[in-house]
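Bear in mind these aren't lab numbers, they're just calculated from the coordinates by the rules spelled out. These numbers were taken from a predicted model, which means no experiment stands behind them. Cβ: placed from backbone, ideal geometry, glycine included. Neighbour counts: every protein chain shown.
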Amino acid sequence: MPLIDHLVELRGRMMYSLGVVLVLFFVCYYFAADVYGFLVQPLADIFNEMGGDRRLIYTGLHEAFFTYIKVAFFAALFLSFPFLAVQVWMFVAPGLYKNEKRAFVPFLVATPILFFLGGSLVYYLIFPLAWKFFVSFESAGGVGTMAIQLEAKVDQYLSLVMRLIFAFGVCFELPVVMTLLARAGMITAKGMAEKRKYAIVIAFIVAAVLTPPDVISQIGLALPTLGLYEISILCVRLVERRRERAAQDAEGDEDDGPAEQPSA
């Protein structure tokens, strides 16, 4: 198609995607209290173990309202991700060959699954450990000292939770990104293996930037990222082996050539 037709199609798919996100946003805002309860459950479980009447607070009149807005928007993006991925696929697919389409379908399926796995890891494993670590700094006080008690702000807590879920989900996309780069010929398994020491340093730097300043969440993000890096190396090797076999098959077909016709 001409360039203008591609731009028109791109605009249409962006409008569809925006419409779906908006519809899901209003639906998620209706259930924002339930989503909030789900996200706050790890901290509530720790507070229940400690006993007493515990709470989250907000200090601005508009703070709770905008917190629900952020929760609804986050949930809408999470739920609309499969539709957004399909829209990107439908825009790109007409320009791909049949074998390229078959090659990209597994990545289209693996992307939301890996993102969900990353979010599940941080929610069910990292949150309980990290929140218990932070709450352990409370003290009952005594003679001549004052008690230290956590009263977390609702917007800060939920912003931290959503940022960690997003960070873990994105980091779990590493095998998909690396495999696509390998198919494009931009990286090799040998090069990734040689630069493993740099990958270790970068993984811990990224974990330190994206997570709170505690050892648990930083290690909890860095170690899975390094494991995914090793998985990425294996995936890149598989891509290279398939490419080598395809090249050998193509050379074999050329060597065979058409059979000579017997002379009369």
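In straight-distance terms, cross-link reach from K101 covers every one of the lysines whose alpha-carbon lies under 29 Å from its own, apart from those fewer than eight places away in the same chain; here that gives K190.
Measuring spread by the Cα atoms of the chain yields a radius of gyration and Dmax of 25.3, 116 Å.
The equivalent ellipsoid that matches the C-alpha gyration tensor of the range 67-131 spans semi-axes of 31, 17, 5 angstrom, in descending order. The phi-based Karplus calculation (6.51 cos²θ - 1.76 cosθ + 1.60; θ = phi - 60°) puts the 3J(HN,Hα) values of the range 209-219 at 6, 8, 10, x, x, 9, 5, 5, 5, 5, 5 Hz, whole numbers, x for Gly and Pro. On C-alpha positions alone, give me the angle between the axis of helix 32-50 and the longest principal axis of the chain, in degrees, nearest 10. With rounding to tens, the tilt is 60 degrees.
Near K153, the amide H atoms lying under 5 Å from its own belong to I57; only residues 5 or more places off or on other chains count, and H is placed 1.01 Å from N.
Applied to the range 74-86, the Karplus parametrisation 6.51 cos²θ - 1.76 cosθ + 1.60 on θ = phi - 60° returns per-residue 3J(HN,Hα) values of 4, 5, 5, 5, 5, 6, 7, 4, x, 5, 4, 5, 5 Hz, with x for Gly and Pro.
Send over the Kirkwood Rh of the range 11-100, from the inverse of the averaged 1/r over different Cα pairs, rounded to one decimal Å.
About 15.9 Å for the range 11-100.
Our coupling estimate for the range 181-190, obtained by passing each phi through the Karplus curve with A = 6.51, B = -1.76, C = 1.60 and θ = phi - 60°, is 5, 5, 5, 7, x, 8, 9, 10, 5, 5 Hz, Gly and Pro reported as x.
With neighbours defined as other Cβ atoms within 10 Å of a residue's Cβ, the residues S80, S139, S217, S120 order from fewest to most as S139, S120, S80, S217. The range 87-149 and the range 180-208 have their alpha-carbon centroids 21 Å apart.
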